[in-house]
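Step one of this worksheet: look at the structure below.
Read-outs: derived from the displayed coordinates by stated rules, not from any lab. Since the structure is predicted, the reported quantities are computational estimates derived from the model, not experimental observations. Ideal geometry is used to build each Cβ from the backbone, glycine not excepted, and the neighbour counts take in all protein chains shown.
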Amino acid sequence: MSEVTLNHVAKSFGPVNVIKGIDLQIKSGEFVVFVGPSGCGKSTLLRMIAGLESITSGKISIGGTIVNDLPPRLRDIAMVFQDYALYPHKSVFENMAFGLRLRKLPEHEIQTRVNNAAGILQINHLFERKPRELSGGQRQRVAMGRAIVRQPKAFLFDEPLSNLDALLRSEMRVEIKKLHHRLGNTIIYVTHDQVEAMTLADRIVVLQEGNLVQYDTPDGIYNRPAAKFVAGFTGSPPMNFAPCRIGEGGRVLHVAGGVDLPVPARCVDECARHIGREVIFGLRPEHIGVPTVDAPGIERIDGSVLLVEPLGAETLGLIKLGKHDKAAEVTGRFEPDARLQVGQNLPIALDLNHFHLFDCKTGLAIRGNGW
Amino acid sequence: MNFNFSRRTTVWLAAIIVMVNGFFPAVWILLTSLKTETELIRSPITYLPEAATLENYMTAFTAQPIGRFLLNSVVVAGLSTALCVLISALAAYALTRLRMPHRNLIMSLLLAISMFPLISLMVPLFKVMRELGLLNTYLALILPYAVLSLPVCTLVMASFFQDIPPDLEAAAMVDGCSRVGALFKVVVPLAAPGVFTAGILAFVNAWDEFLLALTMMNRVNMRTLSVGITLYQGEFAFPWPLISAALIIALVPICIIIAVFQERVVGGLTAGGVKG
Ligand SMILES: Nc1ncnc2c1ncn2[C@@H]1O[C@H](COP(=O)(O)OP(=O)(O)O)[C@@H](O)[C@H]1O
Ligand SMILES: [Mg+2]
């Protein structure tokens, strides 16, 4: 009942095209996250859905109704803003009740709804306070409460956690996810933080300069990135990249720096179609480590350690592949007991079952069926 | 001499100069209004009235219809202020919130207009009001007063609106307000200090205005206070104590208004609505 559909939606501010024709279907009850670097148009797109920005062209519908010409108050959505946007002159209770009062709900209904929402968020004891008397985390809860009481078709969140410190942020992340399970409303959530996106979303929209690059589940985004941009945006640390050329009938990747890697058998056919092309080779850090078992697709290479970053549970190592001066440098994830030392030479295992190829110019992924 | 004052001393000194400069005339008028005319012209002069009398105040009410002047002034100043604040709130909103082209040009023009000498507008305004048949009606003053205070009120309110986070309005609009609703339910209450500042400016402007009041209203019972007070002087005589009493009567409403609203004018309301 509350699906959100975008049809060729575009936006320009004067001569500047900020959103460049986006098609998107969000199912009822789905948690969708818009993610992308700062300035890519996430907020603008969200505000267009909210009705706070006009739509230059295209159509947006919410719950089956085209809302292009409806003001925000008639779109039946609620929004949580980055800076909370609580009404400073109203108490916590009145902040939450404001939308209900405007809709002229009976007083007992207002009381019930506000009390319920406050119960969920554990802010009942704050009712009499003014926003300035609250901590950042409490303000965030009130802002969410104000959205919940409305029982809208969809919740829109614009970077709601970016003003909180790291600990509170992960706590609120869990709360938001619980809230979604509990209420089941459609949620559209904007963030520039890929961790938030991966942990919260049913599906993720990756935006780059006003274009939709990929719309997929977190698994799809992570394991089957549609473009180098997506691959480089997700994971921490993100995917390693190195220029490479496909040779020998699609069976070998000549990676810059004189390393030759065999293409796994199931990928040879697709690679054969790109023989001689300059492409970009990509491999995630978790597929680079010390050799343990020999298995098909696992390739051993001599490497040397350039830098060690112990994180506690794991250690990141910056590894130079091969001996060549211009050898590729990649980051791998190692067990802490691998005891990496800077300058150390050691055999490195690359799990090529998980490699990616991207077009040099367009950055789009080159991928056969079933990769 | 040693001029090595501390910072504190300097601040106090400046404050005292401002206070004396501002209050001395008012106090002098108050004292004068309590003296008899004979005491006033006697030499050597007395500073405090020898036998304070309220007689001048009585005479002020009997010699001229000052009650009526007062009413006229309140009506004219009050309504022109309301009109001016309403319009300048909308104008200030447009200038700060809607992405208006030539916004800075418009702001500069407003500033320029607010410096326009009133005297140059007198003749055209008089002609317009006569054509409209508005002479000797409240509208003849309400309209021009509202317009004359518009630029400065708009600028004052714009500077206050600018400090209110746009997301507050966005939140109100999502919550269920129309754009204008959000303006009057959220922006204006938060900009209350600015709104009251603008309102007081407009009110005082209207209250003090003389030239237009003299020109537009020639029937005695339509006179406003500023003009009415001049009626106390005779052809050859200046009954200073009587005029002083009338002046004090004219001052009272302004003092009341400022006393009532000064708390509101003190800012700090917006703190805490956004992250901070
Ligand atoms: N009101 C505006 N006028 C002109 N350009 C704007 C306006 N709002 C946003 N932009 C531009 O649109 C682009 C996208 O902005 P935004 O949606 O806020 O990005 P994000 O939320 O992804 O950081 C930015 O380049 C920004 O400069
Ligand atoms: Mg943003």
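With a Förster radius of 35 Å applied to the C-beta separation of B:Leu211 and B:Leu109, the computed FRET efficiency comes to 0.90.
In the protein assembly as shown, a dipole from Cβ-located charges (positive for Lys and Arg, negative for Asp and Glu) runs towards its positive end, and of B:Ile119, A:Ile176, A:Val9 it is B:Ile119 whose Cα lies farthest in that direction.
Can you list which of the GluC sites (Glu not before Pro) found in region B:1-110 are DSSP loop residues with at most 12 other C-beta atoms within 10 Å? Before the final figure, lay out each step's value.
Details: sites: B:Glu37, B:Glu39, B:Glu50, B:Glu55; in loops: B:Glu50.
Sites meeting the loop and neighbour criteria: B:Glu50.
Between B:Phe236 and B:Val180, the distance separating the two model label sites (each 7 Å from Cα on the Cα→Cβ line) works out to 6.2 nm. When the charge dipole of chain A is built from unit charges on Cβ atoms (+1 for Lys and Arg, -1 for Asp and Glu) and taken about the Cα centre, the candidate among A:Ile366, A:Ala256, A:Ser28 whose Cα reaches farthest toward its positive end is A:Ser28. For a paramagnetic label modelled at 7 Å from the Cα of A:Asp325 toward its Cβ, which residues of region A:245-272 fall within the zone defined by backbone nitrogen distances under 20 Å? Those under the cut-off are A:255-260. Label reach from B:Leu98 (point 7 Å along Cα→C-beta): in region B:179-218, amide nitrogens under 19 Å belong to B:179-188. In the protein assembly as shown, a dipole from Cβ-located charges (positive for Lys and Arg, negative for Asp and Glu) runs towards its positive end, and of B:Gln262, B:Ala213, B:Leu134 it is B:Leu134 whose Cα lies farthest in that direction. Using Cβ point charges alone (K and R +1, D and E -1), the dipole size of region B:55-275 about the Cα centre works out to roughly 460 debye. Residues whose amide H comes within less than 5 Å of that of A:Val190, counting only those at least five positions distant or on another chain, are A:Phe34, A:Phe157, A:Asp158, A:Glu159 (H built at 1.01 Å from N in the peptide plane). Amide hydrogen proximity for A:Thr234: with H placed 1.01 Å from N in the peptide plane, the residues at 5 or more positions away or on another chain lying under 5 Å are A:Met239.
With distances taken between every two different alpha-carbon atoms, the protein assembly as shown has a Kirkwood hydrodynamic radius of 31.1 Å. Kirkwood radius for chain B, taken over all pairs of different Cα atoms as the inverse mean of 1/r, rounds to 21.8 Å. Sparsely packed loop sites in region B:1-76 (the chymotrypsin sites (Phe, Trp or Tyr not before Pro) outside DSSP H, G, I, E and B with at most 10 other Cβ atoms within 10 Å) comprise B:Phe3, B:Tyr47.
If R0 is taken as 45 Å, the Cβ-Cβ distance between B:Val147 and A:Gln111 corresponds to a FRET efficiency of 0.40. Our coupling estimate for region B:30-37, obtained by passing each phi through the Karplus curve with A = 6.51, B = -1.76, C = 1.60 and θ = phi - 60°, is 4, 5, 4, 5, 9, 9, 8, 5 Hz, Gly and Pro reported as x.
For A:Arg224 and A:Glu309 in the same chain, what is the full-extension length gain: residue separation times 0.36 nm, less their Cα-Cα distance, in nm? Could the numbers behind the result be given before it?
Working: separation 85, 0.36 × 85 = 30.60 nm, distance 2.71 nm.
Additional length available on full extension: 27.9 nm.
Rg and Dmax of chain A, both derived from C-alpha coordinates alone, stand at 24.6, 77 Å. Summing Cβ point charges (Lys, Arg +1; Asp, Glu -1) relative to the Cα centre of the protein assembly as shown gives a dipole of roughly 1020 debye.
Take the Cα atoms of region A:185-246, build their convex hull, and give its volume per residue in Å³.
Working: hull volume 6.1 nm³, N = 62.
Taking the convex hull of the Cα positions in region A:185-246, it is 99 Å³ per residue.
Taking 7 Å steps out from each Cα toward its Cβ at B:Ala63 and A:Val174 produces label points 8.3 nm apart.
Karplus-based coupling profile of region B:190-202, in residue order and whole Hz: 6, 8, 3, x, x, 5, 5, 4, 4, x, 5, 4, 5, with θ = phi - 60° in 6.51 cos²θ - 1.76 cosθ + 1.60 and x standing for Gly or Pro. Whole Å is fine, so just give me how far the alpha carbon centre of region A:115-130 lies from that of region B:245-260. Using only Cα atoms to place each centre, the spacing works out to 47 Å. The Kirkwood radius of region A:244-366, taken over pairs of alpha-carbon atoms, gives through the Stokes-Einstein law at 37 °C and 0.692 mPa s a diffusion coefficient of 220 µm² s⁻¹. The C-alpha radius of gyration of region A:18-176, expressed as a fraction of 2.2 N^0.38 Å, stands at 1.08.
Residues of region A:140-181 with the amide nitrogen closer than 17 Å to a label point 7 Å from the Cα of A:Leu74, along Cα-to-Cβ, please. Only A:153 fall inside the zone, counting backbone N under 17 Å. Here the simple spin-label model places points 7 Å from the Cα toward Cβ, and for A:Ala295 and A:Gln344 these points are separated by 2.3 nm.
Amide H to amide H distances under 5 Å link A:Val263 with A:Val252, A:Leu253, where only residues 5 or more positions off or on other chains count and H is placed in the peptide plane.
Only Cα sites of region A:116-184 enter the Debye sum here, all with the same form factor; the resulting log10 I(q)/I(0) across q = 0.12, 0.13, 0.16, 0.25 1/Å is -0.30, -0.35, -0.54, -1.32, listed in q order. Net charge dipole, chain A: roughly 1240 debye, given to the nearest 20, about the Cα centre with Cβ charges of +1 for Lys and Arg and -1 for Asp and Glu. In vacuo Debye scattering of region A:202-305, one point per C-alpha: log10 I(q)/I(0) at q = 0.16, 0.17, 0.20, 0.25 Å⁻¹? Log-scaled intensity ratios, in q order: -0.85, -0.95, -1.18, -1.35. Note that region B:47-53 has calculated 3J(HN,Hα) couplings of 8, 8, x, 5, 10, 4, 9 Hz, one per residue in order, obtained from phi through the Karplus relation 6.51 cos²θ - 1.76 cosθ + 1.60 (θ = phi - 60°); glycine and proline are x. The rule of thumb for compact globular proteins, 2.2 N^0.38 Å, goes into the C-alpha radius of gyration of region B:135-260 1.44 times. The lysines within cross-link reach of A:Lys59, meaning a Cα-to-Cα straight distance under 25 Å and a gap of 8 or more places when in the same chain, are A:Lys11, A:Lys20, A:Lys27, A:Lys42, A:Lys153.
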